[in-house]
Amino acid sequence: MRLEYQRPSRALTGWLVRRRRAVLAVAAVASLVSAGFAVRLYANLRSGFEELLPDTAPSVVAARTIGPRLHTVTHLSVVLQGPDGDALDRLADDLAPRLRALPPSIVESVEYRTDADEAFLRRYGGLYLARGELEELERKLDERIAQERRKANPLLGLLDDDEPAGPPAPLDLGPARKRLEEVRASLDRFRKGYYQTPDGRLLVLLVRPPESATALEQNRRVLEAVRGVVEALGPARYGRDIRVGYDGEVATLVEEQGALVADLLSSTVVVLVLVLAVLWLFFRRWSAIAAILLALAAGCALTFGLSWFLVGYLNANTAFLGSIVVGNGINVSIILVARYLEERERGLEVPAAVEAAVPGTLVATFLASFAAALSYYSLSVTSFRGFSQFGLIGGLGMALCWVTAYLLVPPLLAAFDGRPGAPPVVPRRPVVGAWASALIHRHGRAVRLASIMLVVASVAGVLAYRGTPIEYDLSKLRAARSDRDGAQFWGSKVDEVFKEYLTPIVVRAETPEGLDRVAAELERARAALGAKDPIREVRTLATAVPAEQVPKLAILSRLRGQLTDARLARLDAETRADVLRVRPPADLAPFTLAELPAALRLPLQERDGTAGRIALVYPRKLGQLSPLDMQELSDLVRGAIARAGVPAQAVGQSLLFIDIAAAIMADGPRATALALALVIALVALTFRRTGPALQVVGALLLGVAWLIGAAAWAGVKLNFLNFVVLPVTFGIGIDYAANILQRARLEGPGSLDRVLRETGGAVALCSLTTIIGYASLLVADNRALRGFGALASLGEVACILAALVALPAFLLVRARPAEA
């Protein structure tokens, strides 16, 4: 087996050493060119969740198809907070016209008062009652008047303006009362006609951009323009305690992108500093460290340079692959340089040591790197872009870092250590390997027992797991700072003001008739749910501009004749307020969509003015929707479209996350199974013997079992990012057991102690750099990244313990039966 690859590998290594100047020059040029494209790749970060889904996902197709045709239902909330409500009113009054003066490409409308809505409802409110409700109201009024005539009740004054006064009596408005109460409550909850809490301490201005844009630059322009106006006005002039915050889809997208960039920078710094520190502690030789880092840099530059052509951008999943590729890709160079230094310590000169190190590590590192690459590539076959692009770039990185290690480390070592005056090699103390060897030789039986018991505990953890395995709570997938003083914090203030969900699911059909069928199916489904209906309102042109206006006007005209001012004065205040909402002005006429306030009209119109093809579905629940809420909304809306059998599409955040969850559940298990199958196949092909292959795979599965058990006991939920931990762990975790076992096979029987002392330290260092790559994400503000970093680090710890402690403890049973 050795001769199959030793001769060509030695020949290639010798050529690389001899031609090192030319090789390194070509590598430098290729790396610099690739780095330029890598910079362009990182400049194109896209943090939107829709970037994770395939182009064929229903929510993505709908957003791209109908999004450009619609007026936006998204918004930027400008939240004013302070102890003086009147000061907030003055600030809002001065701020609103300045915001409206921004270019139409930035701001389409600004809403902060209920004046237009109140004026409209005062004039047309009665037309929103059903014809039957108005007829019932008229009947009850007629009956009451007739009854008072007969009884000569003091309320007989309702009949004539000059009748004697008496105590007011309530008037039963029947089913119309509930509808009128809803209308009254929707406006009376605000202070002085502003979008303001009753105590005056919070006031909101809703700024709507002209498009429902998900592009970062458009939303950033909107937010920066609005912030500029606010800062120029100077809120402190209106009160020293006034605070201004921003919420809504616009602010959230910009905030998440900013957090992503900041987290990227912080994790990169952590990786570079810590990796450099551990390399120095292990090697204490700058030539070795420089060879490792330069080969790694070339591999990373090529990886992300090529990714510019293959993908063209980074999403929320792939943005941190730089840290991960550094932490994983460096392993090959570490193993190769560690073996080179071992040969130097045995007295070999630089060329001979390099030529001995390459074939001595080639098989194990090939298996480790390409097992990792295959694990990544197993993700690339999925349609979920959060997985597929992660897998494509990660797999490319593993393969290229292996190639650059064996092409560049030999000439780099020859260039650094072959120069005159290069320092001699100082023997290193194998601390980690010596500890592992001592542990298994002294406590092998206890290690084996503990390994088995941990597997039992892991199974128990999985069986005890309760709840949904998918994370739907968006607050746990976004930046933590958002809760403290960002969009989520100010979003809770917006909820206090409006007490209802502001952003609807938008349904658009190809024809008004098609929309009517969808709306009818949706209403039937809502009626079947009764009190469990998760929808507050379905707003369409038909509900915004009520039907049967002419016959309703006739009834309202008769009611106006009956409800004279004197009679109204004798009603109790609550009933009088309700009746006034349906008492029409004398000149009332039927109205059309054009008379609706802009805030109600624009979302129901397409940008070309077409109306009648849009429905707005508002969730009943306030704040963060639960998994059940989102699923119910999705089922109701998409089910209604399917049953209607007409061309129609729906867009909304709930639908987006239902699609993400569905993609994870569909693609995640398939990618995980494929990763495991590919890794096992590669191990079998590499070792070509059942025994060693089973030992390597067994060590991997042992570590993975511990990982799954720990995650189950901790109640970890799966999301669009941490689902990749398992398939990636298959590929990376195989590295450690493969290196230990391959070295033991090369060294022969009785070599376990020496292998652990010499190779164990390098393997531990490989794991440590990988853990650093993952753990660097723990400093991120984004909680999805932090969760991924924690889970992936735990998987690394489990796999290195299985390879460095558990596997040798079980190997010891065969080597020394008496000890077992």
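Which members of the range 629-671 meet the condition of being over 28 Å from LEU522 (Cα atoms), open to solvent by 20 Å² or more (accessible area, probe 1.4 Å) and in contact (Cβ under 8 Å) with a residue 12 or more places away in the chain? Before the answer, list the steps.
Start the filter on the range 629-671 by keeping residues that are over 28 Å from LEU522 (Cα atoms), which leaves 667-671.
Filter again for open to solvent by 20 Å² or more (accessible area, probe 1.4 Å), leaving 669-670.
Passing the criteria: only ARG670.
Counting only residues that are touching a residue at least 24 places away in the same chain (Cβ under 8 Å), open to solvent by 30 Å² or more (accessible area, probe 1.4 Å) and out of contact with any helix residue (DSSP H, G or I) (no Cβ under 7 Å at 6 or more places or on another chain), how many does the range 73-102 have?
Of the residues in that region, 4 qualify.
Among the residues of the range 235-286, which ones are among the small types (Gly, Ala, Ser), assigned to a helix (DSSP H, G or I) and surrounded by 21 or more Cβ atoms within 10 Å (Cβ to Cβ)? Talk me through it step by step, then tell me what you get.
Applying the first criterion (among the small types (Gly, Ala, Ser)) to the range 235-286 yields 236, 239, 245, 248, 251, 258-259, 262, 266-267, 277.
From the residues that got through so far, the ones that are assigned to a helix (DSSP H, G or I) too are 236, 251, 258-259, 262, 266-267, 277.
Across the range 235-286, the qualifying residues are ALA251, ALA259, SER267.
Give the residues of the range 40-71 that are among the aromatic types (Phe, Trp, Tyr) and modelled with pLDDT under 80, sorted by residue number.
Listed by number, the list holds a single entry, PHE49.
Could you give me the residue pairs with C-beta distances under 6 Å whose first residue belongs to the range 330-347 and is within 15 Å of LEU407 (Cβ to Cβ), whose second residue is modelled with pLDDT of 90 or more and of a type in the set (Val, Ile, Thr) wherever it lies, and which are 6+ apart or on separate chains?
Correct list of pairs: SER333/ILE292; SER333/VAL409; LEU336/VAL409; VAL337/ILE292.
From the list ALA710, ALA699, ALA693, pick out the single residue that is assigned to a helix (DSSP H, G or I), of a type in the set (A, V, I, L, M), within 18 Å of ALA364 (Cα to Cα) and under 35 Å from the mean Cα position of the chain (by Cα).
Values: ALA710 fails: within 18 Å of ALA364 (Cα to Cα); ALA693 fails: under 35 Å from the mean Cα position of the chain (by Cα).
Result of the check over ALA710, ALA699, ALA693: ALA699.
Residues of the range 553-568 being open to solvent by 20 Å² or more (accessible area, probe 1.4 Å) and at pLDDT below 70, which ones? Break it down stepwise before answering.
Going through the range 553-568, the residues open to solvent by 20 Å² or more (accessible area, probe 1.4 Å) turn out to be 553-554, 557-558, 560-562, 564-567.
Residues satisfying the conditions are ALA566, ARG567.
Considering the range 316-331 alone, what residues qualify as being among the aliphatic types (A, V, I, L, M) and open to solvent by 10 Å² or more (accessible area, probe 1.4 Å)? Working first, answer last.
Here is the first cut: in the range 316-331, the ones among the aliphatic types (A, V, I, L, M) are 316, 319, 321, 324-326, 330.
If the condition is that a residue be among the aliphatic types (A, V, I, L, M) and open to solvent by 10 Å² or more (accessible area, probe 1.4 Å), then ALA316, VAL326 are the ones that fit.
Give me the residue from the range 687-700 that is in contact with a Phe, Trp or Tyr (Cβ under 9 Å, 6 or more places away or on another chain) and surrounded by 20 or more Cβ atoms within 10 Å (Cβ to Cβ) and, out of that set, farthest from ARG385 (Cα to Cα).
GLN695
For the range 342-398: of the residues being at pLDDT below 85 and outside any helix (DSSP H, G or I), which is farthest from the chain's Cα centre (by Cα)?
GLY347
Go through (1) out of contact with any strand residue (DSSP E or B) (no Cβ under 9 Å at 6 or more places or on another chain); (2) buried (at least 21 other Cβ atoms within 10 Å of the Cβ); (3) modelled with pLDDT under 80 for LEU746 and report which single condition fails.
For LEU746, the failing item is (2).
Yes or no, residue by residue, for (1) of a type in the set (S, T, N, Q); (2) modelled with pLDDT under 85; (3) in contact with an Asp or Glu (Cβ under 8 Å, 6 or more places away or on another chain):
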residue	(1), (2), (3)
ASP608	no, yes, no
GLY612	no, no, no
TYR618	no, no, yes
GLN624	yes, yes, yes
GLN631	yes, yes, no
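Sort out which residues of the range 103-123 are open to solvent by less than 40 Å² (accessible area, probe 1.4 Å) and touching a Lys or Arg at 6+ places or on another chain (Cβ under 8 Å), and write them in order of number.
The initial filter retains those residues of the range 103-123 that are open to solvent by less than 40 Å² (accessible area, probe 1.4 Å), namely 106-107, 109-112, 114, 117, 120-121.
Across the range 103-123, the qualifying residues are ILE106, VAL107, SER109, VAL110, GLU111, LEU121.
So which residues in the range 374-397 are open to solvent by less than 20 Å² (accessible area, probe 1.4 Å) and within 20 Å of LEU741 (Cβ to Cβ)?
SER375
Looking at the range 168-176, is at least one residue open to solvent by 60 Å² or more (accessible area, probe 1.4 Å) and modelled with pLDDT of 60 or more?
There is no residue in the range 168-176 that is open to solvent by 60 Å² or more (accessible area, probe 1.4 Å) and modelled with pLDDT of 60 or more.
Which of the numbered conditions does LEU741 fail, given that it passes all the others? Conditions: (1) farther than 22 Å from VAL358 by Cα; (2) in a helix (DSSP H, G or I); (3) at pLDDT 80 or above; (4) not small (Gly, Ala, Ser).
Every condition holds for LEU741 apart from (1).
Among the residues in the range 359-371, are any touching a residue at least 12 places away in the same chain (Cβ under 8 Å), open to solvent by less than 10 Å² (accessible area, probe 1.4 Å) and more than 24 Å from VAL697 (Cα to Cα)?
no
Here is a yes/no grid of residues against (1) open to solvent by 10 Å² or more (accessible area, probe 1.4 Å); (2) in contact with a Gly (Cβ under 8 Å, 6 or more places away or on another chain); (3) over 24 Å from SER333 (Cα atoms):
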site	(1), (2), (3)
ARG783	yes, no, yes
ARG786	yes, no, yes
LEU791	yes, no, yes
LEU794	yes, no, no
ALA803	no, yes, no
LEU811	yes, no, yes
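Take the residues in the range 708-727 that are in contact with a Ser or Thr (Cβ under 7 Å, 6 or more places away or on another chain) and open to solvent by less than 10 Å² (accessible area, probe 1.4 Å); name whichever of them is modelled with the lowest pLDDT.
Selected residue: PRO727.
What are the residue pairs meeting all of these: first residue in the range 406-432, first residue surrounded by 19 or more Cβ atoms within 10 Å (Cβ to Cβ), second residue among the acidic types (Asp, Glu) and at pLDDT below 90, Cβ atoms under 9 Å, and 6 or more apart or on different chains?
Sorted first by the residue in the range 406-432, then by its partner, the pairs are PRO410/GLU355; VAL425/GLU345; VAL425/ASP417; PRO430/GLU758.
The values are calculated or read from the model by the stated rules, or taken from the named source; none is laboratory data. Not measured: the values here are computed from a predicted model. Heads up, the Cβs are rebuilt from the backbone with ideal geometry, glycines too, and the neighbour counts pull from every protein chain shown. What goes into the accessible areas is simple: the full protein's heavy atoms, side chains included, and nothing from ligands, DNA or RNA. Shrake-Rupley method; radii C 1.70, N 1.55, O 1.52, S 1.80 Å.
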